[in-house]
1. Could you calculate the contour length gain from W24 to A74, that is, 0.36 nm times the residue separation minus the distance between their Cα atoms, to one decimal place in nm?
2. Give, in nm to one decimal, the length gained when the segment between A31 and L56 is fully stretched (0.36 nm per residue of separation minus the Cα-Cα distance).
3. What aspartates and glutamates sit close enough to K9 to cross-link, taking a C-alpha to C-alpha distance under 18 Å and skipping anything fewer than 8 places away on the same chain?
Amino acid sequence: MAGLSFLAKKSWHTSNLNNQEKVWLAEQKAAAEEAKTKELQKQIQAEREREEFEKLAGKGKGLGDRGTNWMYEASVGGGGGGGGM
């Protein structure tokens, strides 16, 4: 199929290096997003377990009264919080 080798130079062809790079970048972004989602799920599960243990031990305040401490805890993303406006 030497007559069709020009197809690799087309912008829509899958063997075009630019297209391969775009696919690779999209896959990396999706993998990073999935890892972030899994980490957040783990954090939420750990927090629920902690609250349940505190409730069983009699230390918990209940589900509705978490106070304001959650606003001042370090975030997972490390964005530093704050609106900046």
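Every read-out reported here was derived from the displayed coordinates using simple, explicitly stated rules and does not represent laboratory data. These numbers were taken from a predicted model, which means no experiment stands behind them.
1. Separation in residues times 0.36 nm, less the Cα-Cα distance, equals 14.8 nm.
2. Fully extending the segment from A31 to L56 adds 5.3 nm.
3. Here the aspartates and glutamates satisfying the reach criterion relative to K9 are E21.
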